[in-house]
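J.: Sending over a structure as structure tokens; questions will come in a sec.
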Amino acid sequence: MIEKIFRECLKEVLNDIIDNNVTFELPTGARRADIHVQRTSGDDFAAARRNGKWQDVDFLESYFSGYQLVLNMYNKDGGVTRTKPIYVDKKLKNKLTNYTN
């Protein structure tokens with residue numbers, strides 16, 4: 001029962017991040033962490049597209065950029081220590097792609 005509630009809450013948070021372009025601050029205590037949509041453009045976008053990412057994104061409509069959900073984990077002095085991509089199901093990925101196109 002509790003896992004079903006957790007999954008539904010997580011779905012709501014991810015949908016809110018995608019639909020409204022918000023940053024969700026995780027309640028981690030001492031160290032800050034957040035989830036948001038990150039834009040990738042330029043040479044990074046070109047390299048990722050050559051490797052098979054964002055094949056369904058129209059690069060002219062998106063101005064040669066792609067978007068993905070990421071988790072940022074900060075160290076104690078405020079600098080970003082790690083950025084990890086968040087892999088979502090096909091439904092959320094298509095929603096993000098539609099907003100991109």
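Read-outs: derived from the displayed coordinates by stated rules, not from any lab. Here the structure is a predicted model, which is why all the values come from computation and not from measurement. No Cβ is skipped: glycine too gets one built from the backbone with ideal geometry, and neighbour counts run over all protein chains shown.
J.: Mind listing the long-range amide H neighbours of Arg32? Cut-off is under 5 Å, sequence gap 5 or more, other chains count too, H placed in the peptide plane at 1.01 Å from N.
T.: Distant-sequence amide H within range of Arg32: Tyr74.
J.: Along Cα→Cβ, 7 Å out, is where each label goes; now give me the distance between the ones at Asp77 and Asn20 in nm to one decimal.
T.: Each label point is offset 7 Å from its Cα along the Cβ direction, giving 3.5 nm.
J.: To the nearest 20 Debye, how big is the dipole of segment 2-100 about its Cα centre, given +1 on the beta carbon of each Lys and Arg and -1 on that of each Asp and Glu?
T.: In debye, rounded to 20, segment 2-100 gives about 360.
J.: Nearest 500 deg cm²/dmol is fine: what mean residue ellipticity at 222 nm does the chain get from its DSSP H runs of n ≥ 4 alone, each adding -39,500 (n - 2.57), divided by its residue count?
T.: About -12000 deg cm²/dmol.
J.: Give, in whole angstrom and from largest to smallest, the semi-axes √(5λ) of the equivalent ellipsoid of segment 2-100, with λ running over the eigenvalues of the Cα gyration tensor.
T.: 25, 19, 11
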